[in-house]
Every structure is written in structure tokens, then in C-alpha cells.
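First the structure, in the form of C-alpha cells, and then the observations on it.
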Amino acid sequence: MLTDPEIRRPAVRHLVVFGRPGSGKSSVADRLAVQAAYRIVRTGELLRAAVRRGDPLGRRVEGILARGELVPDPLIFEVLEDAQFRPEEERLLFDGFPRTVGQIPDFDRLEDRFGFQVGLYVEIAVGERAAMERMTGRRVCPRCGKTYHVANKPPRVADRCDDDGGELIRRADDTAEVVANRQRVYAELTQPVVDHYQATYPRRFVAIDGGQSFDAVCRDLERAVGL
Ligand code: AMP
């Protein structure tokens, strides 16, 4: 994959993208992944896939996801342990992990075990209100997990996934009450993680204004990774 001449090579090999629910982080991550052949590691999607399969892990986390709460840290590590990372051959983009202060040492363990180091921590920064408004327009493909937005990132054909034609749905955790809960959870549990990386690695941290247009956010992210 990395030898394709069409793929542009960013200076940053591995990165973590943070952003509150509704910040648009997953959409910009998708775009960057296509441009620069990052492999996206998305814990939320790994968990939703387990729920869809109805396996033991899926049954344990289904209610937690539906309420907009966070899955216990050990289960997240379990999910990630199964992912075979090959950081020499692939660029990794983490979306949705680490999400609690307790997961920071888990992330360090992952870096040690697979032998890589994150070169950039990115925060897509938006206010809570703007994020909540955006979330109501969000749609997702249940087959591949690709995300869309009715206004900001519509599919080519209404309600159909561009990649596999799957019928787009609204996520079960995008209702008003759950959305509000997820914002609270982010402020309480994930913002301290962002603050930790900003304070610990100021030169490897960048905040991007997520209130701009989708294209402008993508351009800032491309610049940040050195494309
Ligand atoms: P996301 O798609 O990243 O918004 O994640 C959807 C849901 O999956 C979250 O609301 C959490 O319930 C759960 N989740 C995803 N990643 C994590 C994580 N790193 N730690 C705990 N829960 C997570």
C-alpha cells in the first residue's frame, strides 16, 4: 500500500486525533486516511462492529454505547490487543483512543509492544453547542462505518454509502439526550487526556479550529502532518 506512487507521504507517520463528539474528527480523519494511506484505528467502530456481530464483547458493551457512556478501560485494551499493528509498513491514525486518563498507560504499552511512537496529537476544537447541532445531521454506513453529514459531507447519492451502497442510518447514540450525555462524558473524562498531551508534548501537539468549513479543517490537518 505504501509504495503506491499516487499516495502522498506525510512527515508524521503515526498520529492521534481528538475531538468532542460532533467535532467532525472522524470525517477529517477519513479524508486524511485516503490521501495519505493511514490505517485508521477507531475504537468506537471496533466496538460497534462487536455489537453488530452480537458476540460476548458486543453484548457486554451494547447498553454502554446506547447510553453514551464509556466502555471500561480493560475492555478497550482487549479490543486493541486483537488488532495486529505493523507500524513499519503502515501509518497509524488513532481515532477515539486514548479516551480516559486511565488509557494513557495502555497507549504507552501499545507503543512499546508494537514499536512505534506517535508523532502528533491533534485536537479538532469546537464548542459544545456547535458540536451538538452537527450531530443531529450525522449519518453512518452500517456496513463499513464510513460517516457522512446531511449538510457538511453528503453522500453522492442520498442516503447511500459512496463506497458500498449501504443504506445510511442515524447512530443509536445520536439522539438529543444521549448526545448531551456524551458531551458531558467528553468534558469530564477525555478533555483531561487532551490537556495531558498538550502539557507533556507541546511540540507534538496541535489544536485545529474545527468551526471552519470541512475543507479548511482538512487543509489544516494536512499541513499539521506535513503533506
Ligand atoms: P465514537 O465512535 O468514537 O464516538 O465511540 C462511540 C462509543 O464507543 C463511545 O460513546 C463509547 O461508549 C465507546 N468508546 C469508543 N472508544 C472508547 C474508548 N477509547 N474508551 C471507552 N469507550 C469508548
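Ordering 145, 110, 131 by the projection of their Cα atoms onto the charge dipole of the stretch 98-227, which places +1 on the Cβ of Lys and Arg and -1 on the Cβ of Asp and Glu, puts 145 at the extreme positive end. Sorting the Cα pairs of the chain by distance into bins of 10 Å, from 0 upward, gives 8, 33, 41, 18, 1 percent per bin. Most simply put, the chain has about 25% antiparallel DSSP beta bridges, counting only bridges with both residues inside it. Comparing 195, 164, 106 in a Gaussian network model of the chain, where Cα atoms under 10 Å apart are tied by springs, the biggest mean-square fluctuation is seen for 164.
Just to verify a number: FRET efficiency for residue 59 and residue 108, C-beta to C-beta distance, R0 = 35 Å, to 0.05?
0.70
Counting 0.36 nm for each residue step from residue 203 to residue 128 and taking away their Cα separation leaves a gain of 24.4 nm. Fewest neighbouring Cβ atoms within 10 Å first, the residues 25, 146 line up as 146, 25.
Distance in nm between label sites at residue 164 and residue 81, each 7 Å beyond Cα in the beta-carbon direction? Rounded to a tenth, the inter-label distance reads 2.7 nm.
Rounded to 0.05, the FRET efficiency of the residue 11 and residue 184 pair, given R0 = 25 Å and the Cβ-Cβ distance, is 0.10.
Mean 1/r over all different Cα pairs, inverted: what Kirkwood radius does the stretch 106-171 give, in Å? By the Kirkwood definition, the hydrodynamic radius is 14.4 Å. Computed from the alpha carbon atoms alone, the convex hull of the stretch 31-140 holds 137 Å³ per residue. The convex hull defined by the C-alpha atoms of the stretch 105-227 has an orientation-averaged projected area of 9.4 nm². Paramagnetic label reach from residue 157 (point 7 Å along Cα→Cβ; backbone nitrogen cut-off under 15 Å): within the stretch 28-47, no residues. What the pair-distance distribution of the stretch 187-227 shows, using all Cα-Cα distances binned every 10 Å from zero, is 28, 41, 31, 0 percent.
FYI, it's all coordinate maths here, none of it is from the lab. Keep in mind that what you see is a predicted model, and the values were worked out from it rather than measured. Cβ: placed from backbone, ideal geometry, glycine included. Neighbour counts: every protein chain shown.
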